[in-house]
Amino acid sequence: MGLKANFSNSDLKNFHKKIEQEVFNKSINAYKYLGESIVAYAKNNVGFTDQTGNLRSSIGYVLFVNGQVYKESYEGKQEGMKAGKDIARELVSSLRRMPIVLVITAGMNYAYQVETKGYNVITSSENYAKQTAETIIRQLLNS
């Protein structure tokens, strides 16, 4: 006499879908946390005096899920926030097929010129992200 399964193929498919959704949701939360962490680091380590407030306000992130804005995080002057959001949308337009995309910005058109003069705007945040992203994502996925 053999063993008989107490579940159907449909039950297995539903179970797998549930696991996939849980992992996807944890991934979204991990990227949201990563975005917040990188932006906080960037704003705490700027090397310039922001005379208008626009450059600092353009530092933020947009998290896209399935091509749609899931979360935006910008604070400060309207002009800077708009510039950051606009550049994020422009950058993600070529990545629409990716299920989750995190875009960190310093959106003012003169951010690069400020950096070339030796002032940190967002470059050190890239190094911070490279050093911490894998650890942060692993911790959040395993929670």
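The values are calculated or read from the model by the stated rules, or taken from the named source; none is laboratory data. These numbers come from a predicted model, not from an experiment. Don't worry about glycine lacking a Cβ; one is built from the backbone with ideal geometry, like all the others, and counts go over all protein chains shown. For accessibility, only protein heavy atoms count, side chains too; no ligands or nucleic acids. Shrake-Rupley method; radii C 1.70, N 1.55, O 1.52, S 1.80 Å.
Worth pointing out:
- On the stretch given as the range 107-127, residues that are open to solvent by 50 Å² or more (accessible area, probe 1.4 Å), assigned to a helix (DSSP H, G or I) and not acidic (Asp, Glu) total 5.
- Condition met for ASN66 (closer than 26 Å to GLN139 by Cβ, open to solvent by 30 Å² or more (accessible area, probe 1.4 Å) and free of Cβ contacts under 8 Å to residues at least 24 places away in the same chain): no
- Hey, GLY76 out of contact with any Asp or Glu (no Cβ under 8 Å at 6 or more places or on another chain), among the small types (Gly, Ala, Ser), under 27 Å from GLN131 (Cα atoms) and not in a helix (DSSP H, G or I) or not: no
- Criterion violated by ILE104 - all others in (1) open to solvent by 30 Å² or more (accessible area, probe 1.4 Å); (2) closer than 12 Å to ILE59 by Cα; (3) assigned to a loop (DSSP other than H, G, I, E, B) satisfied: (3)
- Candidate set: the range 83-101, residues that are open to solvent by less than 40 Å² (accessible area, probe 1.4 Å) and of a type in the set (A, V, I, L, M); chosen: the one farthest from LEU55 (Cα to Cα): ILE100
- Any hit, the range 2-9, residues being more than 18 Å from ILE122 (Cβ to Cβ) and assigned to a helix (DSSP H, G or I): yes
- You will find that of GLY47, GLY76, GLY80, the residue that is crowded, with 18+ Cβ neighbours inside 10 Å and in contact with a Phe, Trp or Tyr (Cβ under 9 Å, 6 or more places away or on another chain) is GLY80 and no other.
- Search result, residues across the range 26-57 that are among the hydrophobic types (A, V, I, L, M, F, W, C) and touching a Lys or Arg at 6+ places or on another chain (Cβ under 7 Å): VAL46
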